[in-house]
Structure formats: structure tokens, C-alpha cells
Amino acid sequence: MADPSSYRPAPGEIPDTPGVYKFRDEHRRVIYVGKAKNLRQRLANYFQDLAGLHPRTRTMVTTAASVEWTVVSTEVEALQLEYSWIKEFDPRFNVKYRDDKSYPYLAVTLNEEFPRVQVMRGAKKKGVRYFGPYGHAWAIRETVDLMLRVFPVRTCSAGVFKNAARTGRPCLLGYIGKCSAPCVGRVTPGEHRELAEDFCAFMAGRTGTYIRRLEKEMAQAAEEMEYERAARLRDDTEALRRAMEKSAVVLADATDADLIALAEDELEAAVQIFHVRGGRVRGQRGWVTDKVEAVGTADLVEHALQQLYGEEAGDAVPKEVLVPALPEDPEAVAQWLAGRRGSQVSLRVPQRGDKKDLMATVQRNAQQALALHKTRRASDLTTRSRALEEIAEALGLGAAPLRVECFDISHLQGDDVVASMVVFEDGLARKSEYRRFQIKGFEGQDDVRSMHEVIGRRFRRYLQETERTGEWGEAPAPSGPAPATGGTAPAGPPDAAGAEAAADEARDDDGRPKRFAYPPQLVVVDGGQPQVAAAKRALDELGIDDIAVCGLAKRLEEVWLPDEDDPVVLPRSSEGLYLLQRIRDEAHRFAITYQRAKRAKRVRSSPLDDIAGLGETRKQALIKHFGSVKKLRQATIAEICEVPGIGRRTAESVAVALAGAAPAAPAVNTATGEIIEEDDGGSTP
């Protein structure tokens with residue numbers, strides 16, 4: 001625990017201008033980021049008598065070992081820089097909303113030549129128009145099914161689309177009128193894009209225009225006695241009305257707004273957001289956060305706005321944002337939102353009428369979300385604490401292992417040997433710290449030797465970090481000869497130890513989370529006594545003796561310790577055993593996923609990959625021009641030269657390489673048994 005006075009800046013050293021400040025711990029990790037209109041006044045609040053500080057603020061300043069700041073010209077710049085640094089450094093004492101990325105969105109891929117309507121989850125992609133989020137994916141599909149009558153936009157995958165274009169036959173939706181079938185040329189790319197843009201306009205709330213247009217066309221068709229067309233237009237109108245009815249009208253004035261409500265107590269806060277477009281609720285989402293810093297409602301609102309709109313632009317930021325309390329500097333936040341949108345944004349607290357009533361509904365949802373979260377977490381916290389205590393007691397540790405790392409080896413009959421490292425902190429997976437390894441120190445299958453290599457590489461990197469950051473005066477010398485692991489030696493550059501070796505080089509001392517900087521209290525290996533002995537030997541060779549090691553064998557789920565002839569057997573009902581099993585299973589899942597990806601990449605390799613000087617762009621140009629590697633192999637040098645960007649020398653290299661490459665064996669569809677015709681040589685350049 002550090003004394004804040006030991007790193008307090010000298011009087012007059014801190015400027016009295018707007019800026020952003022960072023607190024760092026003894027390892028140079030950024031643990032808190034904040035902004036201020038006046039840096040001198042704000043930072044002075046942290047260096048007062050510890051007894052007068054909020055308990056969480058007191059914990060932060062005593063954990064920190066230094067403070068630094070960056071001066072900016074305006075409060076808006078400070079807001080933007082604060083958001084960027086929180087996103088970059090992931091400080092442990094900042095409020096971070098746990099955003100549920102599993103919410104499904106209705107997405108229109110306007111970045112493609114033929115836009116596609118589909119359900120999407122996860123991070124948003126550039127050039128894709130999103131609507132939602134929705135509570136369930138089936139709700140999106142029901143809405144899309146109704147709207148395809150009027151806006152027959154493509155919904156098929158790229159594979160189905162290419163197959164239809166190759167055979168000249170559209171899919172079922174094309175035959176029943178729910179797709180305009182651009183794959184077979186029924187509409188031009190421009191006409192199909194216009195349909196997609198009309199679809200987006202309707203989903204964005206401009207519904208009245210299309211309803212009135214269809215009704216007018218229906219009346220005109222009836223007057224001209226085109227009754228079948230009039231009936232079809234009538235059905236289209238009803239389909240659009242049913243799609244609209246799935247979103248309840250909440251604001252009569254067709255408002256575009258986001259309503260944000262909070263429910264909080266001393267430890268946690270829940271946020272609920274209703275997305276209202278065209279007066280209707282188009283989406284809902286919620287977050288929960290631990291209040292690891294001393295924050296009020298206004299600060300929580302500001303953090304929520306940063307989380308919600310920090311990566312958005314254009315119409316994704318609504319004209320109006322309604323909140324329960326205004327941030328400390330509402331003008332700066334509103335200006336920042338306007339910059340994201342590209343036009344003015346109203347940020348205010350609703351005072352009366354329908355908007356205040358709807359805010360009360362959002363507030364009730366936030367309260368229910370917090371109550372449900374607490375009900376679940378109360379049991380979860382107790383269980384995790386008991387599990388860690390049981391592990392510490394069973395393994396003879398002095399304290400509960402708050403950080404556990406587990407390693408697993410995966411291969412397929414000795415090929416594509418890889419390893420995984422998963423990290424659990426306080427009993428929860430820390431996926432940002434997961435790491436993958438390729439075994440390159442030797443050939444063949446040897447799980448024990450592979451485990452020794454991986455443990456050595458991981459903790460050699462740890463020693464490099466501790467030496468570089470100055471935690472020790474010098475790195476401890478290994479107690480034995482360095483194994484030929486193919487990893488990175490402490491004093492030398494990386495060699496061919498694996499694809500990730502170069503990427504794992506120590507970064508600049510800037511506070512970002514390092515790949516291997518933090519030591520665990522416990523290392524778990526997937527295996528029995530031989531794997532545990534190999535891991536322990538790797539640590540001994542590096543002179544590390546303060547990290548516990550154990551192994552979990554699958555056969556009887558027994559726990560093995562180094563230099564012990566008999567395993568530790570935990571009761572089947574033990575929470576500690578269950579946690580170890582979850583950690584081991586997660587390491588196995590992560591390893592086998594990586595191994596399968598490597599095997600699939602190897603299987604999909606193409607003869608074009610080995611041609612020197614032929615990059616991805618020109619490989620794609622060749623495949624696009626000829627359609628497949630098979631047809632490219634049959635082409636003459638003159639025909640290859642016709643491809644834009646391909647000169648004669650490159651064409652000769654391609655022809656020679658393909659002439660010497662044996663054609664791949666035909667692929668077989670394991671579901672149907674049919675032979676799949678070669679279309680790209682098993683490659684996706």
C-alpha cells in the first residue's frame with residue numbers, strides 16, 4: 001500500500017486547465033482515468049487526508065504509485081480522450097458497464113454490392129446499417145418475413161448466392177416473390193440497392209410514406225380493374241401494418257429518442273436504455289456495473305453515454321437523449337454527441353407528459369434488472385469465494401488464488417500441436433488475457449515436452465517484463481540450462497518459436513495490459529503427474545519458486561501436486577473441484593478451437609499461397625477473373641496477363657507454380673456423400 005504523499009506532484013506543477021489524468025500502480029499499469037475542467041483543483045481532491053476520502057477513492061490512491069496528466073484545449077476534447085483511454089487501458093477502478101454483446105440486431109449490409117438483410121450479433125461493422133437491439137432473434141425474423149413482401153431484399157448467405165448465380169436458378173424465396181433474385185439478374189444492382197435503402201427507411205420510422213403509396217397504388221389498380229394486383233397491394237399494406245404493430249406506439253409525435261434510466265445502490269448500478277424511433281420502441285438493452293469508484297447519478301449517466309455512443313456516428317445517435325440526471329458538464333457532453341451525430345442533439349431530463357411517463361417505465365425496468373442481478377450474484381459471489389478457499393486449503397496455499405492460469409495441449413495425431421493459456425481472476429474468466437501458443441521446439445507428439453516448453457515461454461516473458469519495469473534490480477538467473485523451447489530468450493530477440501512470438505514482444509511502458517506481465521498465484525495444467533512435473537521443472541529452471549502448480553487428470557478428476565506420489569482427491573460435491581473443472585474445460589475448449597482453426601487453414605491452403613510476390617489483392621483478382629484455381633491452371637500466360645495488375649513475369653510464375661502443383665483431391669460433402677466441384681482450389685485467397 002502506497003502513501004499518496006510519496007507521489008504527490010509539487011505545488012504549482014499541475015496546470016489549472018482542462019485535461020485528462022491517469023493514476024498508475026507500481027507496475028506502471030493504468031488503474032484510473034479521469035477528466036477535469038481544472039486539473040489542479042481536481043487532483044488536489046485526491047491528496048487530502050485519507051480519512052476524508054470515500055473508501056473506494058482511498059483504495060485507489062493507496063494502490064497507485066504515480067499520477068500523470070495530459071492538457072487539452074476544451075472539455076469536449078477531455079471527454080473524448082477520457083473515453084479513448086478507458087477503452088484502451090481498461091482501468092480497474094473506472095466504471096465499466098458490462099455490455100451484453102449477445103443482443104441481436106437487424107442488420108442490412110449496405111457495404112456489399114447486393115445488400116443482405118440478416119440477424120447480427122457482436123461488434124458493429126463499418127458500412128452495415130443496424131436496427132435494434134431486439135430481445136429475441138425470432139422477433140427479427142418475424143418482422144423481416146412480413147416486410148419481404150414489399151421489400152424483397154436478399155437474405156441468403158454468400159455461398160447460397162454464388163451457387164444460385166452459378167446454376168442460374170434462384171432459391172425458394174426468389175420463386176415465391178420474397179426475394180428480387182439479383183443472383184440471376186432479375187433486378188440490377190442499382191434496383192436492388194434501392195430496395196434495401198427503402199427497407200432501411202421504413203425500419204428507421206418513415207413508415208407513413210410507404211403505407212400511403214401502397215394505398216394509392218391499390219386504389220388505382222382497383223379503378224383500372226386490375227384486381228389481382230390490387231389484392232396483392234392490399235396484402236402488402238397489411239403486412240407492413242402488422243410489422244409496425246410489433247413495436248408499440250409510445251410517443252405520439254413520432255419522436256426519435258433514446259431514454260436512459262438508472263437504478264443504483266452503494267455497490268452496483270443497473271442501466272436500461274429504450275431506443276425509440278418514429279414514436280415506437282425499436283430496441284432495448286441493459287447493463288450492470290460495479291461502482292468501483294465514488295460516483296453519483298450524474299457521473300453514471302455520463303459513463304453510460306460514453307459507452308453507448310462512443311463508437312457510433314450519424315443516425316445511430318438520436319436527435320434527443322433523455323436522462324434521469326444531467327452530467328456535470330451537460331453542454332460539453334451535448335456538443336460531443338452532436339459531433340458524433342453530425343447535427344444538434346438535445347440532452348435533457350423529461351419533466352412532464354408522455355416522455356416522463358415512458359422514463360418511469362424505463363426506470364422500473366432498471367430496478368427490476370438490478371434486483372434480478374443481485375439475486376443471481378449473491379449466490380454466485382458466495383460460491384466463488386467458497387471454491388477459492390477450498391482450493392487454497394486442498395493445495396496448502398497461504399491465501400486464496402485470486403489469479404489462476406490453466407494450460408492445455410491439443411493436437412491431431414501429432415500434427416498442428418498447439419497450447420492454450422486461460423486466465424480466471426476471482427473465479428471469473430478473464431478472456432482478454434487468454435493466450436495461444438504454437439509448439440515449434442520439436443516435431444511430433446509429446447504432451448509432457450510441450451507443456452514444459454509452453455510454461456517456460458510464458459514465464460520467461462514474465463521475467464522479461466519484471467526486469468524491464470524495474471520491479472527487480474535484475475531478473476533472477478535460471479537455475480538450469482534454458483530449454484530449447486523455441487521461445488524468446490530473456491536477453492535475445494524472438495526466433496521461430498511460434499507465430500505469436502513476434503507479437504508477444506514487450507510493448508512500450510504505457511500502461512496497456514501486457515501479455516505476460518502479471519503472475520498467477522496458481523498454475524493448473526491439464527494432465528497428471530508427468531505434466532505437473534514438467535511445469536514445475538520449467539519454473540525451477542527460471543528460478544521461480546513462489547507460484548503454486550497443480551494438475552487435474554481427467555480419468556478420476558484427481559488433483560496432482562509436484563513431488564507427490566499420491567493425488568489430492570476433492571469431494572465430488574466440492575465447489576473447488578467444480579471450479580478447477582470449469583477452468584480446465586475452458587482451457588481445453590480454447591486449445592481445441594485454435595487447433596481446429598490451424599488445421600482448417602492448412603486444409604484450405606492454395607497453390608497460389610507459395611508464389612513469391614503474389615499478395616492477397618492479386619490472388620483475389622486472379623480467382624475473380626477465372627472463377628477457380630482449376631480454370632486458372634488451364635489458362636495460358638497471355639490469358640493470365642489479361643488480369644489487371646498481373647505482368648508477364650508474374651504470369652509466368654503463376655503458370656509454372658500451378659503446372660508443378662498436383663490438383664487437390666475432390667472434396668466430399670459428408671452430409672450427402674456427393675463430390676463438391678472444385679471452385680477455388682480449396683482456398684479463399
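The values are calculated or read from the model by the stated rules, or taken from the named source; none is laboratory data. Owing to the predicted nature of the structure, the values given are computational and were not obtained by experimental measurement. Cβ sites come from the backbone with ideal geometry, for glycine too, and all protein chains shown count toward neighbours. The accessibility values were calculated without ligands, DNA or RNA, using every heavy atom of the protein model including side chains. Shrake-Rupley method; radii C 1.70, N 1.55, O 1.52, S 1.80 Å.
Observations
- One residue from Glu311, Glu328, Glu266 being open to solvent by 50 Å² or more (accessible area, probe 1.4 Å), closer than 19 Å to Ala369 by Cβ and not aliphatic (A, V, I, L, M): Glu266
- In region 65-94, residue surrounded by the most Cβ atoms within 10 Å (Cβ to Cβ) [restricted to those that are under 18 Å from the mean Cα position of the chain (by Cα) and more than 15 Å from Arg24 (Cα to Cα)]: Tyr83
- Note on region 269-288: among residues that are at pLDDT 80 or above and open to solvent by 10 Å² or more (accessible area, probe 1.4 Å), the one that is nearest to Ala137 (Cα to Cα) is Arg285.
- Extreme residue, modelled with the lowest pLDDT, among residues of region 519-571 that are crowded, with 22+ Cβ neighbours inside 10 Å and touching a His at 6+ places or on another chain (Cβ under 8 Å): Asp526
- Here Ala378 passes the criteria (1) open to solvent by 50 Å² or more (accessible area, probe 1.4 Å); (2) at pLDDT 85 or above except the one numbered (2).
- Among the residues of region 346-360, those identified as open to solvent by 30 Å² or more (accessible area, probe 1.4 Å) and touching a residue at least 40 places away in the same chain (Cβ under 8 Å) are Asp354, Lys355.
- Checking each residue in region 516-566 for being polar (S, T, N, Q) and in a loop (DSSP other than H, G, I, E, B) picks out only Gln521.
- Set Ala239, Ala243, Ala230, Ala222: member being at pLDDT 80 or above, open to solvent by less than 20 Å² (accessible area, probe 1.4 Å) and part of a helix (DSSP H, G or I): Ala230
- Residues that are assigned to a loop (DSSP other than H, G, I, E, B) and either surrounded by 15 or more Cβ atoms within 10 Å (Cβ to Cβ) or touching a residue at least 40 places away in the same chain (Cβ under 8 Å) (or both) within region 26-60 comprise Glu26, His27, Arg28, Arg29, Lys37, Leu53, His54, listed in sequence order.
- Members of region 7-23 found to be at pLDDT 85 or above and open to solvent by 10 Å² or more (accessible area, probe 1.4 Å), listed by number: Tyr7, Arg8, Pro9, Glu13, Ile14, Pro15, Asp16, Thr17, Pro18, Lys22
- Check on Arg141, of a type in the set (D, E, K, R), open to solvent by less than 50 Å² (accessible area, probe 1.4 Å) and within 18 Å of Thr109 (Cβ to Cβ): no
- Subset of region 597-640 that is in a loop (DSSP other than H, G, I, E, B) and open to solvent by 90 Å² or more (accessible area, probe 1.4 Å) - its residue that is modelled with the highest pLDDT: Ala612
- Any chance Leu195 is surrounded by 15 or more Cβ atoms within 10 Å (Cβ to Cβ) and in contact with an Asp or Glu (Cβ under 6 Å, 6 or more places away or on another chain): no
- Taken together, Leu614, Leu622, Leu580, Leu608 contain a single residue that is of a type in the set (A, V, I, L, M, F, W, C), touching a residue at least 12 places away in the same chain (Cβ under 8 Å) and within 25 Å of Ile439 (Cα to Cα), which is Leu580.
- Those residues of region 402-415 which are open to solvent by less than 40 Å² (accessible area, probe 1.4 Å) and within 21 Å of Lys554 (Cβ to Cβ), in sequence order: Val404, Glu405, Cys406, Phe407, Asp408, Ile409, Ser410, Gly414
- Residue pairs meeting the criteria (Cβ under 6 Å; at least 6 apart or on separate chains; first touching a residue at least 24 places away in the same chain (Cβ under 8 Å), in region 549-574; second of a type in the set (Lys, Arg) and outside any loop (DSSP other than H, G, I, E, B)): Val549/Lys536; Leu552/Arg584; Pro562/Lys536
- Residue in region 658-675 that is modelled with pLDDT of 50 or more, of a type outside the set (Phe, Trp, Tyr), surrounded by 10 or more Cβ atoms within 10 Å (Cβ to Cβ) and not in a loop (DSSP other than H, G, I, E, B) present: yes
- Top-ranked residue in region 578-596 [being open to solvent by less than 70 Å² (accessible area, probe 1.4 Å) and in contact with a helix residue (DSSP H, G or I) (Cβ under 8 Å, 6 or more places away or on another chain); ranked as nearest to Val523 (Cα to Cα)]: Leu580
- For region 155-180, residues that are touching a residue at least 24 places away in the same chain (Cβ under 8 Å) and surrounded by 16 or more Cβ atoms within 10 Å (Cβ to Cβ) total 7.
- Within region 325-356, being at positive phi and among the hydroxyl-bearing types (Ser, Thr, Tyr) holds for no residue.
- Scanning region 62-73 for any residue that is modelled with pLDDT of 85 or more, part of a loop (DSSP other than H, G, I, E, B) and within 29 Å of Arg468 (Cα to Cα) turns up at least one such residue.
A quick yes/no check of all residues on (1) open to solvent by 20 Å² or more (accessible area, probe 1.4 Å); (2) modelled with pLDDT under 90; (3) assigned to a strand (DSSP E or B):
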residue	(1), (2), (3)
Leu397	yes, yes, no
Ala400	yes, yes, no
Ser420	no, no, yes
Phe424	no, no, yes
Ser432	yes, yes, no
Phe437	no, yes, yes
Ser450	no, yes, no
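- Summed over region 198-207, residues that are at pLDDT 85 or above and surrounded by fewer than 16 Cβ atoms within 10 Å (Cβ to Cβ) total 0.
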